[in-house]
Protein chains: 2
Amino acid sequence: MSAFRVEVRVMPRAALLDPQGQAVEHALHALGFGEVARVRMGKHLVLEVTAGSRDEALARARAMCDRLLANPVTEDYDLAVDGGAAR
Amino acid sequence: MSAFRVEVRVMPRAALLDPQGQAVEHALHALGFGEVARVRMGKHLVLEVTAGSRDEALARARAMCDRLLANPVTEDYDLAVDGGAAR
């Protein structure tokens, strides 16, 4: 078994309004950053998943996203597995 | 001028407790995902920055992080510029 570092990015779906992102955009404009647009804000999680292989770690992380980490109605996620430090 | 898509990852510093990450870890364990550990939770932002070059977009995004997006005492950030769709 190895420990895999999994990076999870959870973002509001493109079709949906993103009030958090809009608030950040307005604040940036107010600070003088007029060149910024289309700010979207989501979550970033880093997990350490113990599994027999990279693919297994990815599958387990995907299950975690489906069960808890992402809201399937309002959010999209993507995953990246970093590597397996043997344990 | 081109529009560059900048990805910003803001994470709690490694030395600090991360109560949000801990809450997620406990919830995952309660759901039967015993193989997960060291959950850290932060923010992910996607910005569109209009600039003359990739480096300029990066420098402006860095300034936005220093001014607003990240708390320099408790958070670390990193940036990636995706590309320049000419505008």
Task: GNM top mover of B:R60, B:R38, B:R13 - chain B, alpha-carbon springs below 10 Å - done: B:R38
Task: Shielded by partner chains, the range A:53-78 residues - at least 30 Å² of accessible area, 1.4 Å probe, vs chain alone - done: A:R60, A:M64, A:R67, A:L68
Task: Solvent-accessible area per residue, Å², over the range A:5-87 with all protein chains present [probe radius 1.4 Å] - done: 53
Open item on the list: Can you tally the net charge around A:V24? Count Lys and Arg as +1, Asp and Glu as -1, for every other residue whose Cβ sits under 12 Å from the Cβ of A:V24.
Closed with: +2
Task: the protein assembly as shown - percent of accessible surface contributed by carbon and sulfur, probe 1.4 Å - done: 53
TODO: Please give the total accessible area that chains B and A bury against each other, computed with a 1.4 Å probe and expressed in Å² to the nearest 100.
DONE: 3000
Task: Phi to ³J(HN,Hα) by Karplus 6.51 cos²θ - 1.76 cosθ + 1.60 over the range B:8-19, Hz, x for Gly, Pro - done: 10, 10, 10, 10, x, 4, 4, 6, 9, 4, 10, x
Open item on the list: Given the DSSP H assignment, sum -39500 (n - 2.57) over each helix run of at least 4 residues in the protein assembly as shown and divide by its residue total; what's the result at 222 nm in deg cm²/dmol, nearest 500?
Closed with: -8000 deg cm²/dmol
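Give me the net charge of B:V6's neighbourhood, meaning all other residues with Cβ under 10 Å from the Cβ of B:V6; Lys, Arg count +1, Asp, Glu -1.
Numbers: positive: B:R5, B:R54, B:R60, B:R62; negative: B:E7, B:E48, B:D82.
Spelling it out: positives minus negatives among the neighbours equals +1.
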TODO: Enter the angle in degrees (range 0 to 90, nearest 10) between the Cα long axis of helix A:54-64 and the first principal axis of the Cα atoms of chain A, meaning the one along which they spread out most.
DONE: 50
- [ ] Distance between Cα centroids, the range A:11-87 to the range B:52-73: provide it in whole Å.
- [x] 20
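What is the gain in length, in nm to one decimal, between A:D55 and A:L16 on full extension, counting 0.36 nm per residue of separation less the C-alpha to C-alpha distance?
Stretched out fully, the A:D55 to A:L16 stretch lengthens by 10.9 nm.
The values are calculated or read from the model by the stated rules, or taken from the named source; none is laboratory data. None of these values were measured; they are calculated from a predicted model. For neighbour counting, all protein chains shown are included, and Cβ atoms are generated from backbone atoms with ideal geometry for every residue, glycine included. All accessible areas refer to the heavy atoms of the entire protein, side chains included, with ligands and DNA or RNA removed. Shrake-Rupley method; radii C 1.70, N 1.55, O 1.52, S 1.80 Å.
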